[in-house]
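*Asks:* What follows is a structure written as structure tokens; I'll ask about it next.
The values are calculated or read from the model by the stated rules, or taken from the named source; none is laboratory data. Just so we're clear, the structure is a prediction, and the values are computed from it rather than from any experiment. With ideal geometry, Cβ positions are generated from the backbone for all residues, glycine too; neighbour counts draw on all protein chains shown. Accessible surface is based on the protein model in full, side chains and every heavy atom, while ligands, DNA and RNA are left aside. Shrake-Rupley method; radii C 1.70, N 1.55, O 1.52, S 1.80 Å.
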Amino acid sequence: MHKFGLKRKIKSINTDIESFVPLFHNWIQEDKIPNHTMVDVANYKHIPDGPGIMLIAHEGHFSLDFEDDELGLLYVRKTPLGESNSETILAIQQILDFAVKLIQIDSKVGEKIEFSDKYQLFSNDRFELPNDVESKKKLLQVASGVFNDAILSVPPPLKGARLKINIQ
Amino acid sequence: MDQWKDKLAGILPESLEQEISEFESQMEMMRRGEIDPRIFGETRLRRGIYGQRYDNGQRDDGNRIREIVFPSGELMKGPDTVWDAPGMLRIKNPFGAVTVDQMIVMSDLAEEYADGVLHVTTRQDIQYHYVHIEDMPPVMRRLGAVGITTKEACGNVVRNVTACPLAGVCNDEAFDVTPYSAALTNFLLGHPDCQDFGRKFKIAFSGCYDHACGLVNMHDLGALAITKKVDGKIKRGFKLFVGGGLGAVPHPAKIFDEFVPEEELLPLSQAMGRVFARLGEKKNRAKARVKFLIAKLGIDEFKRLVLEERKILPHDDRWTSYLEHGPVYGEKAIKSPSDIKTSSDEPNFDHWLSTNIYSQRQKGYSVVTIALPLGDLSSHQGRKLAYIADKYVGDAIRLTVEQNIVLRWVSNKDLPELYKELNVIGLATPDAGTIVDVTSCPGTDTCKLGIASSRGLAGELRLQLAQKSLELDKAIKGLRIKVSGCFNSCGQHHIADIGFYGNSRNIKGFKVPHFQVVLGGEWKNNGGSYGMAIGAVPSKRIPKSVTLITESFIKERLNFDESFQGYVGRVGKKYMRSIIEGLMIVPSYEEDSSYYSDWGDPREFSLGDMGVGECAGEIVTREEFELQTAEREVFEAQLALEEKNFRDANDKSYHAMLNAARALIRIENYDVPNSPEIIVQEFKVRFFDTKRFFDKYAKGKFGRYLLQRFDEDEPKDIEDVARRYVEESQLFIEAAHSCYARISRGEV
Ligand code: SF4
């Protein structure tokens, strides 16, 4: 399975999230994300509880997401990545952390945003991991292998929502 | 292989599974280069799978036009449309109806396969953006499992049938049009008489004339509910409108008949479909909508032809079977009626109550409008909304043509609690149906034809107007703003009080995004009249133009009764233009470069990203389609042969020949029944005996394959036989293609 999402939470932000529109356009102009075919930027700032500003790429989307009021940079993988689930999640984490670094060194927004060390892992495939007890166990198991020093917790689930694990 | 196929086996209707499997075969043929991209393009459109901006593999990144190098390389999914490029999927929601289960599944799919957003369109559909073509089969299966189809959501077919979202609960309606729109939807979906149109065909229902909800005046076919006393009894029927449409040049509909009795609605629509298929333009798609056919023939002649056609239609029980037990739609309240309770501690509750609530005809109930900014809601909101709906109204959810959602049958005492719950998920925005509730087409965000950013502008207007909503004069508040990204009018700017459509102007070598200002269109009276264009204003100055126009109206109207349309008509186009004239001047790039990019898009404005639109679809004749079906079947026969399923290979290869023969016969006998005996007999008389099917060198050899196969006993299910049949079928289909080409060139 490759359809995982990983969000790196944001501690504080001192700029309108719309400043990510030019930033993401710049990533496309300068091919900033390796191994990604970047297509466009979508602005969904007007949707509360939504994906905010998105960078659409063939391999996976980045978004300055505010689902459940938890702002963070989210990366959702669309195409196969690793051999196993742990490899995939690890690779996703590397891509996400690389993107976070790009933001941190950006001259316009870098200083206005502070990322935390907390992540949120999502499974985005209801065939492989539907929202049930069995899948939750499976996801926890994979996550504990990848984030071995971290404290894992499962937020109260909304019926049918994609599975989520908090990692800190 | 789609994992959901097995999982949903038995849940998905067999016919739908069959169609999706066929589409998978066509995808496989496209991957192998065994199907004309033009035909595959129209095939996918007819399944709701639409192209999206940049899918030609090019994009202006603000500095230069660049190639987007997708992994699929040269593989295409239509003319000039790259396989891997993300696309759009349109989901048909007839008359905007959505159940709780459907809302949940649509939300799941939005996050698993699209960008996490459900977009409500101006035709009561839901659209997903950025979906990969390979993901379409599982999406279609999962939608099908909850009773949703994407079939004929795009392409040159009957599109989603729309209807007033208040149908059945409205205070003004003659009767509930829902059962009629449901019956017509089901009847025309995939109907053989509606497969050979030169362009799309849009149908709408309205329950009354004076209010706008159904907009029958701007559809190819509009049905307005009316009742009439016949022999002392009240009879239901429809005033039928035809040939209306917006587009670049709006056409008000013509009246086809003042009263068509309910039992004639389906057969007359079928007859209309046949006339449109037979006589409508097929080559020049700019002239192919039914409005042009009516303009060419005149309404009287069009009507005569339709009535003639109606007379000779073979009877179909479905025309009236839905009327037998009374035309009802099974929507019921899940709570008891109650009195309205207006007290709530929530600060914005009263404002919301004043703009988002409609008191139903049924005492004790209300319709609640959920105003969606730009028609968007996230998958998370969609799922949470489904649970809220389940608690308060059950499946009584509908999408509206104003890109909103309504919850019907809300018991009045629940309004404060419902408000609270909607507010938690960001869906309790007030000002539904007011000037703040701006509608917009996708524009340059995702549409290949978009010139200017309609969504960017609509978002900005919404933001600015919402801030001053409470101070706005009542006369202003009731106006409607609609924005289209180009002249094609998908945002319905012609019927807005204040409408805009995107265009561009060259200023000293730079391109500047502009919007043409269109004033005085009428949303009421079912889109009763169209606005007039008064001049193009740079995109960045449009909010200012709204302020100037609305201020002049307030200051200069004759009295409180003068409507905006009345005002605009009285003072005239020239005067209205003078109000905005000062805004038309564009500062030089050096003075203010912000004019040279569009709302929400920092790239320097250009038209380099425009592509060829798929709104109209490719014009592919019915014969070409049927020949393609035959090709798909022979391809599936080959696969069956590979899998050593000889029975299947035999059946499919025979069926493929019959389909190819039928496609040819249809050129001359449109109604040839789907019976092997008749097809073979007709083929023999029309094409074999006349030698029109004959190949220059092989003569009648390929045609004989069909005749022999028909005469043979049940074939043996062994490899040699199956292989021979598959090969013969392949050759027969090739010959059918050549024959079709000769006929098209007028050679035989
Ligand atoms: S109006 Fe133009 S830009 Fe808008 S969706 Fe239609 S074709 Fe595209």
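Here is a yes/no grid of residues against (1) touching a residue at least 24 places away in the same chain (Cβ under 8 Å); (2) basic (Lys, Arg); (3) open to solvent by less than 40 Å² (accessible area, probe 1.4 Å):
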| site | (1), (2), (3) |
| --- | --- |
| B:Gly527 | yes, no, yes |
| B:Met532 | yes, no, no |
| B:Lys540 | yes, yes, no |
| B:Gly582 | no, no, no |
| B:Ser593 | no, no, no |
| B:Gly600 | yes, no, no |
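Table: residues versus (1) touching a helix residue (DSSP H, G or I) at 6+ places or on another chain (Cβ under 9 Å); (2) within 12 Å of chain A (Cβ to nearest Cβ); (3) free of Cβ contacts under 8 Å to residues at least 40 places away in the same chain.
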| site | (1), (2), (3) |
| --- | --- |
| B:Asp101 | yes, yes, no |
| B:Val131 | yes, yes, no |
| B:Met140 | yes, no, no |
| B:Arg159 | no, no, no |
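*Asks:* Which ones in the stretch B:4-31 are touching a residue at least 24 places away in the same chain (Cβ under 8 Å) and assigned to a loop (DSSP other than H, G, I, E, B)?
*Replies:* B:Leu8, B:Ile11, B:Leu12, B:Pro13
*Asks:* Residues in the stretch B:462-472: is at least one crowded, with 21+ Cβ neighbours inside 10 Å, within 9 Å of the ligand (Cβ to nearest atom) and within 14 Å of chain A (Cβ to nearest Cβ)?
*Replies:* no
*Asks:* Within the stretch B:57-84, track down each residue that is in a loop (DSSP other than H, G, I, E, B), away from every other protein chain (no Cβ under 12 Å) and of a type in the set (D, E, K, R).
*Replies:* The answer is B:Glu74, B:Asp80.
*Asks:* Among helices (runs of 4 or more DSSP H) lying entirely in the stretch B:299-395, which contain 1 or more residues that are closer than 17 Å to B:Thr429 by Cα?
*Replies:* Qualifying helices (runs of 4 or more DSSP H): B:349-356, B:379-392.
*Asks:* Of the residues in the stretch A:54-67, how many are within 9 Å of chain B (Cβ to nearest Cβ) and modelled with pLDDT under 95?
*Replies:* Here the count works out to 2.
*Asks:* On to the next question. Between residues in the stretch A:37-53 that are more than 7 Å from chain B (Cβ to nearest Cβ) and residues that are in a strand (DSSP E or B) and aromatic (Phe, Trp, Tyr), which pairs lie under 8 Å by C-beta distance while being six or more apart or on different chains?
*Replies:* A:Gly52/A:Tyr44; A:Ile53/A:Tyr44
*Asks:* So, of the residues in the stretch A:75-105 that are within 14 Å of chain B (Cβ to nearest Cβ) and under 23 Å from A:Lys45 (Cα atoms), which turns out to be most open to solvent (accessible area, probe 1.4 Å)?
*Replies:* So, considering only residues that are within 14 Å of chain B (Cβ to nearest Cβ) and under 23 Å from A:Lys45 (Cα atoms), the one most open to solvent (accessible area, probe 1.4 Å) is A:Lys78.
*Asks:* Please specify each residue of the stretch B:480-510 satisfying the condition of being more than 16 Å from the ligand (Cβ to nearest atom), surrounded by fewer than 23 Cβ atoms within 10 Å (Cβ to Cβ) and touching a residue at least 24 places away in the same chain (Cβ under 8 Å).
*Replies:* B:Arg505, B:Ile507, B:Lys508, B:Phe510, listed by residue number.
*Asks:* Give the residues of the stretch B:6-56 that are open to solvent by less than 60 Å² (accessible area, probe 1.4 Å) and within 14 Å of another protein chain (Cβ to nearest Cβ), sorted by residue number.
*Replies:* Residues satisfying the conditions are B:Leu8, B:Gly51, B:Gln52, B:Arg53, B:Tyr54, B:Asp55, B:Asn56.
*Asks:* Let me ask something additional. Return yes when A:Val146 is more than 18 Å from B:Ala110 (Cα to Cα), modelled with pLDDT under 90 and away from chain B (no Cβ under 14 Å) and no when it is not.
*Replies:* Answer is no for this residue.
*Asks:* Do any strands (runs of 3 or more DSSP E) lying entirely in the stretch B:218-266 carry at least 3 residues that are at pLDDT 95 or above and under 19 Å from the mean Cα position of the chain (by Cα), and which ones are they?
*Replies:* Output list reads B:221-230.
*Asks:* Is it the case, given these coordinates, that B:Ala722 is farther than 13 Å from B:Asp651 by Cα and open to solvent by less than 30 Å² (accessible area, probe 1.4 Å)?
*Replies:* no
*Asks:* Could we say that A:Leu158 is surrounded by fewer than 16 Cβ atoms within 10 Å (Cβ to Cβ) and either within 14 Å of another protein chain (Cβ to nearest Cβ) or touching a helix residue (DSSP H, G or I) at 6+ places or on another chain (Cβ under 9 Å) (or both) here?
*Replies:* yes
*Asks:* Determine if the stretch B:282-301 includes at least one residue that is among the hydrophobic types (A, V, I, L, M, F, W, C) and open to solvent by 80 Å² or more (accessible area, probe 1.4 Å).
*Replies:* No, the conditions are met nowhere in the stretch B:282-301.
*Asks:* If you check A:Gly72 against the conditions, is it open to solvent by less than 40 Å² (accessible area, probe 1.4 Å), within 26 Å of A:Glu111 (Cβ to Cβ), more than 8 Å from chain B (Cβ to nearest Cβ) and touching a strand residue (DSSP E or B) at 6+ places or on another chain (Cβ under 7 Å)?
*Replies:* yes
*Asks:* Residues to consider are A:Phe122, A:Phe127; find the one that is within 14 Å of chain B (Cβ to nearest Cβ), without any contact (Cβ under 8 Å) to a residue 24 or more places away in the chain and either under 12 Å from the mean Cα position of the chain (by Cα) or in a loop (DSSP other than H, G, I, E, B) (or both).
*Replies:* Result: A:Phe127 is the single residue among A:Phe122, A:Phe127 that is within 14 Å of chain B (Cβ to nearest Cβ), without any contact (Cβ under 8 Å) to a residue 24 or more places away in the chain and either under 12 Å from the mean Cα position of the chain (by Cα) or in a loop (DSSP other than H, G, I, E, B) (or both).
*Asks:* Return the residue satisfying two criteria in turn: it lies in the stretch B:438-454 and is closer than 21 Å to B:Trp523 by Cα and more than 9 Å from the ligand (Cβ to nearest atom), and of such residues it is nearest to the other protein chains (Cβ to nearest Cβ).
*Replies:* B:Val438
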